[in-house]
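The values are calculated or read from the model by the stated rules, or taken from the named source; none is laboratory data. This is a predicted model, so every value here is computed, not measured. Cβ atoms come from the backbone with ideal geometry, glycine included; neighbour counts cover every protein chain shown.
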Amino acid sequence: MPVPKVRTKWRPTLALIVYVVLLAVMALPILIVIWFRAVEVSSNRMAPAEIGALAVVFILTLGVAYVLTRTITGPIDALIARTEEIARGGKRAIRPLESYGTREIAVLSQSFLDLAGRLVDRTEYVRSFAAHVSHELKSPLTAIRGAAELLRDDDAEKAMTKAQRLHFLDNIVADAARLDVLLQRLRELARAETPLAEGKSSIMDILSSLRRQFPNLDISGKGDTDISIALPQEAAGIAFANLAENALQHGATRLELSASTDARTTVILIRDDGGGISEANRQHVFQPFFSTRREQGGTGMGLGIVRAMLSSHGGTIRLLPTTGAGAEFEITMPL
């Protein structure tokens, strides 16, 4: 969708309007003095008190103009210049203004800086994600192409054996299956980053759904399992199923959800008894395409999908430190 453009036409600047108003305010006592001098023609000279009054009005008007310039027009002009600088220089240009003037301009500036930061981060994420996707898709495509070329160029004089031909065909099928899994994960990630319709899910419903999907896991619930969280059922199914599948793939036999609430949020702890996450890998688990099970078909996108899904509905997820076997995640969601 194209960005709408502001219609080009002449518009007065804020500074022009402010100064015209100040000049009008300043002209009012001058006109009053002139009016009385015209009516009272007994003296053609202005009294010292009148001159003093006009001087005081002039000084006060200059003072008000300085205050307005310092608190309104100056910060707004600086914010416009910072916007253009960020558009040219990216994240390095995102820094606070020297002066904000009023509370409203300070709030506006902070909102703008937050938005600019998110947009720049999003741009960098898309660039990095595109590079990862290209790399992940290139490997199976290269393998498929190589196997297909070998099958095509099979020499009749030195024909492949049936076993060799089946080997190459099996490789093509396996790589095509991996491409299908990658594309499915990409669709899930795209859906995760686009907030679904408003809705809610109860912890009990999440537990019941997980038990149906993962009969090989002993899934239990603790704490306030009767509460609901601000996560539609479809989104909850995708997020918690990815966590359960991740635990199962790392050898877990038990999965426990523990829920607690305060006035505004719900905290859900998800623990498993699987192989856990090493210290070297802890800081990478949410990075797209990072996987310790690539040889077994892992895509490294499960936790990224979970974080994107929760974030699009106002939630967060983090990996907690653990002692012994297993991994533990903390999910925070609005009630």
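Numbers at a glance
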{"read-out": "Test: residue in region 155-166 that is modelled with pLDDT under 75 and closer than 30 Å to residue 232 by Cα", "value": "no"}
{"read-out": "Within region 203-217, considering residues that are outside any helix (DSSP H, G or I) and either of a type in the set (Lys, Arg) or touching a helix residue (DSSP H, G or I) at 6+ places or on another chain (Cβ under 9 Å) (or both), the one nearest to residue 242 (Cα to Cα)", "value": "214"}
{"read-out": "Residues within region 244-260 that are in contact with a helix residue (DSSP H, G or I) (Cβ under 6 Å, 6 or more places away or on another chain) and outside any strand (DSSP E or B), tallied", "value": "2"}
{"read-out": "Long-range neighbours under 6 Å by Cβ, at least six apart or interchain, first residue surrounded by 14 or more Cβ atoms within 10 Å (Cβ to Cβ) within region 80-100, second of a type in the set (Ser, Thr, Tyr)", "value": "97/109; 100/109"}
{"read-out": "Single condition residue 226 does not satisfy, out of (1) out of contact with any Lys or Arg (no Cβ under 8 Å at 6 or more places or on another chain); (2) in a helix (DSSP H, G or I)", "value": "(2)"}
{"read-out": "Odd one out for residue 218, checked against (1) surrounded by fewer than 17 Cβ atoms within 10 Å (Cβ to Cβ); (2) touching a Phe, Trp or Tyr at 6+ places or on another chain (Cβ under 6 Å)", "value": "(2)"}
{"read-out": "Residues being in contact with a strand residue (DSSP E or B) (Cβ under 7 Å, 6 or more places away or on another chain) and on the phi > 0 side of the Ramachandran plot - total across region 196-253", "value": "1"}
